[in-house]
Amino acid sequence: MEYSAVIDAPFGQMGILCLDGVLVNLEFLAERQALRPPTPRSLEQEVAEQLRAYFVDPRFGFSLPYRLRGSEHQLRVWGEIERIPCGQMTRYQDIAMALGSSARAVGNACGRNPVPIIVPCHRVVARNSLGGFNRSLGRETVDIKQWLLAHEFGC
């Protein structure tokens, strides 16, 4: 994917893609890429600045225009996730029960979240573990989820 900007984060790098004046994709990058600083006075710069503010203070409130594209079910799941406050977690099963869905379907929707951190899917965990993150159970993505949750602990 071609990103509008690539920035450093405490746990690696993130790719930012903005189109038509809205954030459409925020991605954890598995492999190191050349940094692509945001254009000054652009939405990408605002996204990067707000992410940096969040990395300093997990209680920071994002105020970015973003577009969520997905199925009706995904949009409903992401709406539930948006309501989880900083410093709290909920289980895939809890969201599934609220929506009349299954935990697996909720997990799949979480994995397809196009703007993680802003729609805080890292706050959704499995019954007996952290669960997966970003469509993976791999160590590198679960490490990011652990970092985000530890960062927010005690909000």
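A few comments on the model shown:
- Filter pass, GLU152 being of a type in the set (Asp, Glu), over 26 Å from ARG59 (Cβ atoms) and either modelled with pLDDT of 95 or more or surrounded by fewer than 20 Cβ atoms within 10 Å (Cβ to Cβ) (or both): no
- Residue in segment 60-81 that is among the β-branched types (Val, Ile, Thr), modelled with pLDDT of 95 or more and open to solvent by 20 Å² or more (accessible area, probe 1.4 Å) present: no
- Of the residues making up segment 1-58, those that are under 24 Å from LYS145 (Cβ atoms), of a type in the set (Gly, Ala, Ser), free of Cβ contacts under 8 Å to residues at least 60 places away in the same chain and surrounded by fewer than 17 Cβ atoms within 10 Å (Cβ to Cβ) number 1.
- ARG123 falls short of the stated requirement of being among the basic types (Lys, Arg) and more than 16 Å from the chain's Cα centre (by Cα).
The values are calculated or read from the model by the stated rules, or taken from the named source; none is laboratory data. Because the structure is predicted, anything quoted here is derived from the model rather than measured. Neighbour counts are summed over all protein chains in view; Cβ atoms, including those assigned to glycine, are modelled from backbone coordinates with ideal geometry. Just so you know, the surface numbers come from the protein's heavy atoms only, side chains and all, with ligands and any DNA or RNA stripped out. Shrake-Rupley method; radii C 1.70, N 1.55, O 1.52, S 1.80 Å.
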